[in-house]
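The values are calculated or read from the model by the stated rules, or taken from the named source; none is laboratory data. This structure is a prediction, so every number in the text was calculated from the model and none was measured. Heads up, the Cβs are rebuilt from the backbone with ideal geometry, glycines too, and the neighbour counts pull from every protein chain shown. For accessibility, only protein heavy atoms count, side chains too; no ligands or nucleic acids. Shrake-Rupley method; radii C 1.70, N 1.55, O 1.52, S 1.80 Å.
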Amino acid sequence: MSPFYARAILWGLNKIPVTVNQVAAASQKGDGRIEEVDQPEPGSPEWQQQQQQIAEQQAQQLLKEFDQQEAAQKDPQPKDSANGTTSESTDKAQNVPSLAETLAKLQDDYLQDSSQVQKQSANAASNHTDSNQPAKQNIAKKLNKNQAHVIVVLGGGLGRDAMHNIVVNAYTRMRLEKAVRQKQHNPLPILLSGVEAPYMQNWLKAHQVDARLMENRSMNTCENTRFSALLLQKKGGAPRVELITDAYHMPRARRLFAMNGIDTIPVVAPLPNAPTRWKPSKSNLMHSRRATYEAIASIRDLWFGETNCREVP
């Protein structure tokens, strides 16, 4: 197979325009800070449980301080030369609240916080925005307009090892190797996209890299981009990402990300077998197949739209 066939198709694929949907982009107005740990929504049962744990920790801390103060009162103190009383101990005793008063205050504070849950839930977004607006503006000024917020790695399939365990295939492995090198160059959070994500995470952990963002529901490229965009929106928004996939897949993936409001910086991962430069070779067959598949898929998307793409995970 001649290498010129795949190169010609790749040239044509890269001519397809990539235009970010500005309506969808409004939901990705992030400041570069991606929340890698899920936080409970204010007012939810998880949030109430978290607040109760915080109140209990505060109560334990106050009890500890109360015990320390009570023990200090029992220690002998220097007596006042005038009246023979321990004036310092007397002053402390007057200032130390009783145990019942301390616990009652904590209970009242918790009940008062719980009664305001609905109000906090309604105003959480606006209050958070107002209170952090100066900090966000400072961060936005520091961010370069071409800087990405996340490294997105698209899954390329799975296979089996010699022990018949499910592992990433050669296509996915090459993308993960590129992600490891890219993270060393630009230490951004990594998002793994595709049903392959758990196995991709296993491979990364074996190479001392941890990806805390995983989208493991998508079954095709359209779902990769849609579900990844939804996840990033929930994590704070990422208007621009570094996208890792192979060269033939990159144009279509970039276009679909743009339709979901995310601009992409292409980071091309190699395929398992490099093509020859001039003469025909069997190693070029993989490239020809990939090029043909992506050309057909791109024509299908342009003519008929994304027909096999779920709206939500």
Q. Summing +1 for each Lys or Arg and -1 for each Asp or Glu, what net charge is found among the other residues whose Cβ lies under 10 Å from the Cβ of Asp301?
A. +2
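Rolling a 1.4 angstrom probe over the protein heavy atoms, how many square angstrom per residue are accessible across the stretch 194-313?
Working: 5920 Å² over 120 residues.
Normalised by residue count, the accessible surface of the stretch 194-313 is 49 Å².
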Q: Would you tally the net charge around Asn21, using a Cβ to Cβ cut-off of less than 15 Å, leaving Asn21 out, and scoring K and R as +1, D and E as -1?
A: +2
Q. In the stretch 141-255, how many lysine pairs have Cα atoms under 29 Å apart, counting only pairs 8 or more places apart or on different chains?
A. 19
Q) Excluding ligands and nucleic acids, what accessible area in Å² is computed for Tyr171 using a 1.4 Å probe, to the nearest 10? A) 70 Å²
(Q) Can you give me the long-range amide H partners of Met219? Hydrogens built in the peptide plane at 1.01 Å from N, cutoff under 5 Å, separation of 5 or more residues or another chain. (A) Asn224
Q) What order, most packed first, do the peptides 281-288, 203-210 have when packing is the mean number of other Cβ atoms within 10 Å of each residue? A) 281-288, 203-210
**Q.** Distance between the stretch 260-285 and the stretch 146-225 - C-alpha centres, whole angstrom
**A.** 17 Å
Q | Exposure of Thr307 as accessible area (Å², to 10), given a probe of 1.4 Å and all protein chains | A | 100 Å²
Q | the stretch 249-313 - Debye-derived log10 I(q)/I(0), Cα point model, q = 0.16 Å⁻¹ | A | -0.70
